[in-house]
Amino acid sequence: MPSRKSKLSTPEWILKGKKSPAKKKVVNGFKIRECPKCGSDDVGVVLSNSDKETGGGKEWECKKCKWKGTGIVKKELSEEEFMKYLDDKGVEVA
């Protein structure tokens, strides 16, 4: 009869732990999207036939100039920049 091992040993990589790459620093910012044609922030995702037309990507539409496409401008603002942005638009913050 062949001899049997009484226990399975835990692999070394589990005991030592897997080294993970350094995580990117997460910035708690405010994200806005703007139209690349007119700069308006009044944009939205086009829902009808979006998967069929763009191959699964999001298609955007500007409600001001009626631009449509996938090349939306994305900006991430700090809290101070976002408050200035709201002030410039005339939005009151409660």
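The values are calculated or read from the model by the stated rules, or taken from the named source; none is laboratory data. Keep in mind that this is a model prediction, so the values were computed, not measured. Note that each Cβ is placed from the backbone with ideal geometry, even for glycine, and that neighbours are counted across all protein chains shown.
Quick rundown of the values:
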quantity: Subset of region 45-80 that is surrounded by 14 or more Cβ atoms within 10 Å (Cβ to Cβ) and acidic (Asp, Glu) - its residue that is modelled with the lowest pLDDT; calculated: GLU59
quantity: Odd one out for LYS84 among (1) of a type outside the set (Val, Ile, Thr); (2) exposed (fewer than 10 other Cβ atoms within 10 Å of the Cβ); (3) at pLDDT 65 or above; calculated: (2)
quantity: Enumeration of residues in region 84-94 that are under 20 Å from VAL43 (Cα atoms) and of a type in the set (A, V, I, L, M); calculated: LEU86, VAL91
